[in-house]
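Before any comments, here is the structure.
The values are calculated or read from the model by the stated rules, or taken from the named source; none is laboratory data. Computed from a predicted model, the values in this text were never measured in an experiment. Positions of Cβ are generated from backbone atoms using ideal geometry, with glycine treated the same way; all protein chains shown enter the neighbour counts.
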Amino acid sequence: MVFDTLLLARLQFAFTISFHIIFPSITIGLSFWLAIIEFLSLTTGKQIYVNIYKMWIKIFSICFTIGVLSGIVMSYQIGTNWSLFSLKISNVLGPLFSLEVLTAFFLEASFLGIMLFGWNKVSPRMHFVATCMVALGTSLSAFWILSANSWMQTPNGFRIADDGIFYPVHWWKIIFNPSFLVRYFHTVIASHFTTSFIILGVASYYIVKQKFLNEAKILFRTAGVIAALSSILQPMLGDIHGLNSLTHQPLKVSAMEGIWNTESPAAFRIFAIPNNKQEKNDFEFKIPYLSSLILTHSLNGKILGLKEWKKEDRPNVTVVFLAFRVMVGIGLAMLVTVIISIILYCQNKLFQSNIIHYWYILMSPCGLIAVLAGWIVTEVGRQPFTVYGLLKTQDSVSIVDNVKVLHSLLGFVVIYSILFVIAIYYIFSVITKGPVNIGTKHNM
Amino acid sequence: MINLANYLDLPFACACVVVFVILVYVILDGFDLGCGVICIFAPSKFHEEAIMNSIAPVWDGNETWLVMAGMFLFSAFPLAFSIIVPLLYSPLMIMLFALIGRGIALEFRLKSLFNQTFIWKLIFHISSLVVSFMQGVITGCILSGKMLNVEFSWFNLLSCISGITVVSLYALLGIGWLLFKNQNGVHSWIVYIARYVLGLYLLAILAFIYIHAKYPGHYQTILTILFVIIICAFLFYRALNNKTASIKAFLLVISFVIISFSYVIIHMYPWIVPFKYTIWSAKASDASQSLLLMSALFCMPFIIGYSLYVYYIFHKSDHESTKTYK
């Protein structure tokens with residue numbers, strides 16, 4: 001493996017974006033949940049909701065700030081390391097990124113100040129408005145970023161000039177490109193699902209430790225509803241996403257399914273290790289008809305094999321295939337957990353310390369792993385292209401000395417690792433301290 | 001698609017927006033970076049707290065203007081963006097690392113981690129210093145007009161002096177801001193260091209102009225600029241001694257910013273990549289610039305509106321308020 005500028009730039013991008021995505025995945029769901037908690041505190045007038053809010057806002061603040069800082073890195077990295085990509089597609093994607101900053105980023109960054117520090121300075125209602133604005137900002141950010149990212153997957157509404165530069169032809173088609181809406185809702189619901197499990201993990205911790213039991217019940221009830229709704233919506237969205245990908249990116253679907261030769265009907269590989277060199281799967285364990293059923297909703301659907309495409313146009317099948325199974329596997333585990341929890345709730349056994357609480361504690365970060373796995377599927381699955389089918393990654397990279405990229409990559413690894421450890425340490429200390437009443441000065 | 005190029009000089013209008021965004025960024029993030037630069041000299045914890053509390057609720061919104069500047073440059077002048085940014089790889093990466101450091105120091109300062117606020121103050125100071133210096137370096141490199149040379153190195157005399165100029169300018173902005181906020185009890189210390197910072201800024205900008213200005217056509221404008229700077233410096237010095245809530249000092253520092261920036265503009269125009277591409281040759285497509293201009297013009301009033309609202313909410317310099325959410 002030659003550590004040239006291209007490989008190092010890809011490694012750096014993969015590392016920085018993976019670190020970054022963890023935090024918006026938390027803040028989109030958490031800001032929404034915090035708005036619900038604050039709404040409940042305003043309508044019921046009970047202090048317990050205030051205490052919960054004030055504890056979780058500390059966690060939110062850390063995640064939001066790290067999300068912002070790592071996000072700034074992304075916006076400049078597109079220039080430092082991917083300047084050819086910038087040059088070729090900025091006519092199309094530039095306005096989308098700018099609209100993200102103009103409509104969403106400013107909104108959330110400004111109102112965050114009131115959310116964190118404006119307690120005695122604005123009315124309780126205005127504070128609630130600030131919380132809602134931040135929640136709106138996070139979802140709006142996701143809107144524009146995913147529109148741009150989806151355009152890279154299913155480009156539309158553009159033309160390419162002789163000099164290789166992309167020009168916009170129809171803004172509506174660019175923004176609402178074929179895969180955008182399904183990917184947007186899939187990502188947003190994923191965030192809600194992820195955050196609900198983090199909250200449920202914390203609530204379970206309190207139940208196991210037999211402290212803050214009333215707060216734990218509120219956490220369970222609120223986050224539980226979100227988890228339950230997400231567990232219904234997310235598989236449906238995943239299914240629609242699969243159908244969408246089959247139409248617009250069949251090569252990626254074949255990689256996800258590990259199907260090398262065209263099959264009709266197509267079997268579902270529960271487990272395999274795809275062999276990129278030999279163009280086959282090792283250790284394959286499959287169920288017949290199931291892939292056709294899932295992807296085409298018919299038992300005889302034809303799925304094209306990877307060999308239908310040129311080898312240099314295919315992504316790394318091993319990575320895409322395994323990451324997809326990780327994501328779906330975790331999703332199913334979360335769904336089963338929710339079902340069992342509902343059963344226990346109906347039996348009034350959910351709030352007594354139970355083995356399921358230990359399971360929830362274990363499962364609390366699993367949403368994040370699923371999110372990362374999902375992003376690996378979609379982004380590695382898009383390779384070797386940055387704009388699917390039209391612009392290759394190797395033609396997108398900046399011409400920079402590879403030593404510089406190595407240095408910046410190492411810098412990010414060191415700084416982000418330290419940051420991650422400090423953040424986790426702090427978040428754990430907030431959780432163990434719990435939602436204590438801070439004082440009478442802050443009545444709402 | 002709407003094409004505004006039929007009605008106005010679109011690249012020029014977009015360039016005006018970029019200049020506006022950068023100017024607002026320099027003023028807003030300038031003062032919170034400036035607070036970071038001077039915080040290390042704070043004589044007591046009380047002073048430290050006053051400084052940090054004044055910027056805690058607004059620094060995140062201020063920093064957003066930097067992202068806006070970068071994204072707007074990327075969107076409106078992609079050729080310039082794709083040429084300049086990789087050439088400035090090292091200073092930009094160092095700046096990004098320092099921005100992370102600054103954000104983290106501010107975020108963790110209030111948490112009782114390690115029980116040692118000194119560490120966070122040090123990180124905050126060094127990060128602010130590095131960010132300011134690197135922004136100066138970047139400006140100096142672009143102004144030098146030598147970026148496209150094979151021998152180009154970002155660390156040279158001009159860029160270092162430019163860095164010092166920006167550091168001292170931001171420190172002045174921080175001082176102006178603190179005077180404006182009239183934080184309890186820090187007034188005398190601020191006034192004391194202001195003289196030194198002002199001196200440093202004047203030295204730096206004179207050195208910069210001396211090294212940089214080589215173009216005969218600009219001598220008249222440079223002399224005017226110097227004249228205005230000296231007048232403002234004198235007025236600023238006088239305003240320092242005025243004890244009442246001094247927005248005058250802050251406004252005068254903002255004048256320093258505008259003057260320094262006008263020097264940059266005068267030298268740059270019409271180039272955006274000196275001396276290869278003008279703003280007209282590096283522009284994005286008309287459709288893109290049209291959408292960009294319309295979005296910016298539409299959204300700016302809202303952004304400025306709610307930003308002013310947030311500043312207004314925190315106007316009463318309440319020393320205690322930013323500790324409440326512990």
So the helices (runs of 4 or more DSSP H) completely within segment A:250-358 holding 2 or more residues that are within 30 Å of A:PHE220 (Cβ to Cβ) are A:317-346
Quick check, is A:LEU233 touching a residue at least 12 places away in the same chain (Cβ under 8 Å) and part of a helix (DSSP H, G or I)?
yes
Pairs, please: C-beta under 7 Å, at least 6 apart or cross-chain, first residue within 14 Å of chain A (Cβ to nearest Cβ) and in segment B:45-57, second of a type outside the set (A, V, I, L, M, F, W, C) and in a helix (DSSP H, G or I)?
B:MET52/B:ARG109; B:ASN53/B:THR322; B:SER54/B:LYS181; B:ILE55/B:ASP32; B:ALA56/B:THR322; B:PRO57/A:GLY113; B:PRO57/B:THR322
Scan segment A:120-138 and report the pairs whose first residue is more than 22 Å from A:ALA104 (Cβ to Cβ) and whose second residue is aromatic (Phe, Trp, Tyr) and buried (at least 18 other Cβ atoms within 10 Å of the Cβ), with Cβ atoms within less than 9 Å and a gap of 6+ or a chain change.
A:LYS121/B:PHE314
Looking at B:TYR269 and the list (1) away from chain A (no Cβ under 14 Å); (2) at pLDDT below 85; (3) surrounded by 14 or more Cβ atoms within 10 Å (Cβ to Cβ), which single condition is not satisfied?
(3)
Filtering segment B:106-134 down to residues that are in a helix (DSSP H, G or I), over 30 Å from A:LYS88 (Cα atoms), among the aliphatic types (A, V, I, L, M) and in contact (Cβ under 8 Å) with a residue 60 or more places away in the chain yields B:LEU122, B:LEU129
When B:SER159 is run through (1) of a type in the set (Ser, Thr, Tyr); (2) part of a helix (DSSP H, G or I); (3) more than 20 Å from B:GLY34 (Cα to Cα), the failure sits at (3)
Just name the residue that is modelled with the highest pLDDT out of those in segment A:397-444 that are part of a loop (DSSP other than H, G, I, E, B), among the β-branched types (Val, Ile, Thr) and surrounded by 11 or more Cβ atoms within 10 Å (Cβ to Cβ).
A:VAL397
Only one of (1) farther than 14 Å from A:ALA135 by Cβ; (2) among the hydrophobic types (A, V, I, L, M, F, W, C); (3) facing another protein chain (nearest Cβ under 7 Å) does not apply to A:MET55, and that is (3)
Note on segment A:50-78: residues aliphatic (A, V, I, L, M) and under 10 Å from A:PHE23 (Cβ atoms) are A:ILE62, A:ILE66, A:VAL68, A:LEU69
Going by what's in this entry, would A:VAL377 be described as in a helix (DSSP H, G or I), among the aliphatic types (A, V, I, L, M), away from chain B (no Cβ under 12 Å) and buried (at least 20 other Cβ atoms within 10 Å of the Cβ)?
yes
Quick count over segment A:41-50, residues being assigned to a helix (DSSP H, G or I) and surrounded by fewer than 19 Cβ atoms within 10 Å (Cβ to Cβ), is 5
How many residues are free of Cβ contacts under 8 Å to residues at least 60 places away in the same chain, within 27 Å of the chain's Cα centre (by Cα) and more than 12 Å from A:SER254 (Cβ to Cβ) if we restrict to segment A:293-326?
9
Looking at A:HIS127 and the list (1) within 26 Å of the chain's Cα centre (by Cα); (2) within 11 Å of chain B (Cβ to nearest Cβ), which single condition is not satisfied?
(1)
